[in-house]
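Data block below; observations after.
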Amino acid sequence: MAIVIVGGGAIGLQVAGRLALSGSECAVLARPQTVDALLDRPLNITLEGETRRVSLDAATSPEDLLGPYHMPELAIVCVKGYDTPGVIPMLRALKPGRILTLQNGIGNEELLAEAFGQQQIIAGSITTSVELPGPTEVVVTKAGGISLAGMTPAMRVNQWAEIFTQADFPVELHTDYRSMKWSKALLNMLGNAQAAILDMPVPEIYANSRLVHVDLTVAYETLAVMGKLGIHPVNLPGYPAATIARFAPFTPGPILRILMRRMVGGGRGGKDPSLLRDLRAGRTRSEGEQLYGAVAAAATTIGMPVPVTAGLWRILGAIVRGERSWQEFRRQPDRLLAELGLR
């Protein structure tokens, strides 16, 4: 079975490497710098203290892939959510049998389904946390798993689950892809936008009860939108969204803050949140659009106000686009709270 990974970031390389180590035929489509590195030397993957090496086929375009990867059985999309429209022409040229997205955020499946049809798209969520110290160095900092769901109830994903099981990923199957993706997004949002806007680590944010309240409000707003849309939270490996939704309203504030601090910090394997890392890297697009922005957009369609969630994306989006100075908010929680109307 030939598999092509679209995207050579930390998640894409981890997935490609582990699938290749388990015996799958696996190639990577990535940027030229990554391709050159992969063709020059093996990929090193460190998991639970053990480092394994594997050679990967790699190319910058489908036309440059070796013969077995033309019209592969599966393409796995691992690019940032805002890059999804840009990879659709690449996927058209690749002509895979099925397309699996392991991207963060809400809306990627729908974009791909519009281009290729729902029957071709498999929704996925990955909860491992990884670092990329170098272009051919992957370190798994927190073991998680992979969850899969077809976009249509009739789609069977068992054969794809088996290839990940063989690569030592814990795998869970879900019947409603929206529940899976929204549940992952719900927990991806905790501590993420605030850390980026304030340029502060999560432990500092969660030491401030008012900032914890911001995250709790985001969670409650998101859960309210999910409820209105008929989307039920589910637990994913290491991401207990359903458990939080069930017990958070009845948990005393101080205890809830402690639990959330452990969960949010531990869920990222000690890494800074993704939106903060992207902002520090000077990127002019942000996956906050597929998280906070997507929740706010969905809320608008059903006439439900989500002022804190929408406010966080409004501020973060303006900073990312260069419309507001990041310096206005860095390490200034009072300024953020005032803008959100929570002073």
- Note on the structure: From the option list Ile121, Ile163, single residue qualifying as closer than 23 Å to Asp57 by Cβ and of a type in the set (A, V, I, L, M, F, W, C) is Ile163
- All positions within region 234-257 that are open to solvent by 40 Å² or more (accessible area, probe 1.4 Å) and outside any strand (DSSP E or B): Gly238, Thr243, Ile244, Arg246, Phe247, Pro249, Phe250, Pro252, Pro254, Ile255, Arg257
- So Arg246 fits all but one of (1) modelled with pLDDT under 95; (2) under 20 Å from the mean Cα position of the chain (by Cα); (3) closer than 20 Å to Ser179 by Cα; what number is the exception? (2)
- Query: What tally of residues in region 127-169 results from selecting those that are part of a strand (DSSP E or B) and either touching a strand residue (DSSP E or B) at 6+ places or on another chain (Cβ under 8 Å) or modelled with pLDDT under 90 (or both)?
  - Reply: 16
- Query: Among the residues of region 170-188, is there at least one that is aromatic (Phe, Trp, Tyr), in contact (Cβ under 8 Å) with a residue 12 or more places away in the chain, in a helix (DSSP H, G or I) and open to solvent by 10 Å² or more (accessible area, probe 1.4 Å)?
  - Reply: yes
- Among strands (runs of 3 or more DSSP E) entirely inside region 1-110, those with 2 or more residues being among the β-branched types (Val, Ile, Thr), touching a residue at least 24 places away in the same chain (Cβ under 8 Å) and within 30 Å of Leu187 (Cβ to Cβ) are 2-6, 43-47, 74-77, 98-101
- Hey, any hits in region 311-326 for a residue that's modelled with pLDDT of 95 or more, open to solvent by 30 Å² or more (accessible area, probe 1.4 Å) and among the polar types (S, T, N, Q)? yes
- Query: Out of curiosity, is Gly117 loosely packed, with under 13 Cβ neighbours inside 10 Å, closer than 28 Å to Trp182 by Cβ and of a type outside the set (Lys, Arg)?
  - Reply: yes
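Matching residues to (1) among the acidic types (Asp, Glu); (2) out of contact with any Pro (no Cβ under 9 Å at 6 or more places or on another chain); (3) under 17 Å from Gln166 (Cα atoms):
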{"residue": "Ala10", "(1), (2), (3)": "no, yes, no"}
{"residue": "Ala16", "(1), (2), (3)": "no, yes, yes"}
{"residue": "Ser22", "(1), (2), (3)": "no, yes, yes"}
{"residue": "Glu25", "(1), (2), (3)": "yes, no, yes"}
{"residue": "Gln33", "(1), (2), (3)": "no, no, no"}
{"residue": "Ile45", "(1), (2), (3)": "no, yes, yes"}
{"residue": "Ser55", "(1), (2), (3)": "no, no, no"}
- Exclusive hit being under 23 Å from the mean Cα position of the chain (by Cα), buried (at least 17 other Cβ atoms within 10 Å of the Cβ) and under 26 Å from Glu110 (Cα atoms), set Leu74, Leu43: Leu74
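The values are calculated or read from the model by the stated rules, or taken from the named source; none is laboratory data. None of the values given here were measured: they were computed from a predicted structure. Don't worry about glycine lacking a Cβ; one is built from the backbone with ideal geometry, like all the others, and counts go over all protein chains shown. Calculation scope for accessible area: heavy atoms of the full protein, side chains included, ligands and nucleic acids excluded. Shrake-Rupley method; radii C 1.70, N 1.55, O 1.52, S 1.80 Å.
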